[in-house]
Amino acid sequence: MADLNSKITLKLLIDARSDKVLVGEAGKDFVDFMFSLLTLPLGCIIKLLSPSTMIGSIGKLYQSVENLNEIYLVANREKSSLLQPKLSTPYVTNHLLLDTETSVELRYYICNYCNRRITTVKNTLCPNCKQVMVTETAFVVPSYSTSCATRAENTGENVGGFVKGVVTYMITDDLEVTPMSAISSITLIHRFSMKKDVQLMEKVVTVGMEEGIALLKASLDSSTPLTDVFCSPKKKAKATSSSTVDLMT
Ligand SMILES: [Zn+2]
C-alpha cells in the first residue's frame, strides 16, 4: 500500500454555478495512478469495490469463487489467485489501492540445468529437462537496469509509473488525458468563455485511498467521474483549498 501520508494532489477548474468539473490539471503522480487502473486485474477491482456493488453479474461470479470449497480446486491452486490476483505489470510497484501483499513482486524460479525455462511456482518440473526448478532469480524492470541508466537519466525514465514527470497533463471530466500545451490551454479558455453563466473556480483536491476507490468506481459507471468524486456535496468540505476566480464577469 502506498504511504498513507503521501497523497496525490489534483488541480481542478470547476464551474461553481453548475458545480461541475470543467477540466483538471494533473502531474505525473495522478496520471500514473489513473493509468494504473488499467493494470488492475478484474478480481482486484471487484474486491476493492465489493462484489455486491458491481454492475452486471460479475460480482456473483466472484462470490462463487469465495463460496467454493477448496476441495474442488486443483492442488497448489489457491483461491487468492482469483480473488486477489497480482498485478500483471512490474512498473507499478506501489499502487495506491493495493496492499503490499497484492502488489508485491512475483518470485521467479529458473531451471538450473538448462537455464531455458522460468516459473513463478517453486518446485515446478522443467518441461525442457524434467528437473525441479528451485533457484530463485530476480526480475529486472527494464528502466531500472544499469545498461539503460544513462539514457534513463536524460529522459526521466528512471522512475516508476508510466508517464514522464516533466509534463503537466490535462484531464477532462470523462477522463480524456492529454499533455497540456499552450494551444490546448488557449483552446480551453476560448471554449469556456463562449459559455454564458460560467463561474470559474479553482480547487485543489487530494487523492488518497478513499478518493482513489471512488474514482475507480465512478470511472466504471459514470461519464463524469471527476465531478462525481470531487464535487458531490459531501466531498466539497474535503477540498484542501479553493478560490473563486471570476474570469467570466
Ligand atoms: Zn530445464
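The values are calculated or read from the model by the stated rules, or taken from the named source; none is laboratory data. Owing to the predicted nature of the structure, the values given are computational and were not obtained by experimental measurement. Please note: Cβ atoms are built from the backbone with ideal geometry, for glycine as well, and neighbour counts cover all protein chains shown. Heads up: the accessible areas ignore ligands, DNA and RNA and are worked out on the full protein's heavy atoms, side chains in. Shrake-Rupley method; radii C 1.70, N 1.55, O 1.52, S 1.80 Å.
Note on the stretch 177-231: residues that are open to solvent by 50 Å² or more (accessible area, probe 1.4 Å) and touching a Lys or Arg at 6+ places or on another chain (Cβ under 8 Å) total 2.
Report yes if Tyr113 is within 30 Å of Gly165 (Cβ to Cβ), within 16 Å of the ligand (Cβ to nearest atom) and open to solvent by 30 Å² or more (accessible area, probe 1.4 Å), otherwise no. No: the conditions fail for Tyr113.
Taken over the stretch 163-174, residues that are touching a Ser or Thr at 6+ places or on another chain (Cβ under 7 Å) and open to solvent by 50 Å² or more (accessible area, probe 1.4 Å) amount to 1. Taking first residues from the stretch 29-54 that are modelled with pLDDT under 95 and partners that are polar (S, T, N, Q) and in a helix (DSSP H, G or I), the Cβ contacts under 7 Å between residues at least 6 apart in sequence or on separate chains come to Leu37/Ser219; Cys44/Thr102; Pro51/Gln63. Does Ala75 fit the bill of being open to solvent by less than 70 Å² (accessible area, probe 1.4 Å), farther than 18 Å from Ile45 by Cβ, among the aliphatic types (A, V, I, L, M) and modelled with pLDDT under 85? Considered against the rule, which asks whether it is open to solvent by less than 70 Å² (accessible area, probe 1.4 Å), farther than 18 Å from Ile45 by Cβ, among the aliphatic types (A, V, I, L, M) and modelled with pLDDT under 85, Ala75 comes out as no.
Quick check: is even one residue across the stretch 102-118 at pLDDT 80 or above and under 22 Å from the mean Cα position of the chain (by Cα)? No. Among the residues of the stretch 126-137, the ones that are in a loop (DSSP other than H, G, I, E, B) and in contact with a Lys or Arg (Cβ under 7 Å, 6 or more places away or on another chain) come to 4 in all.
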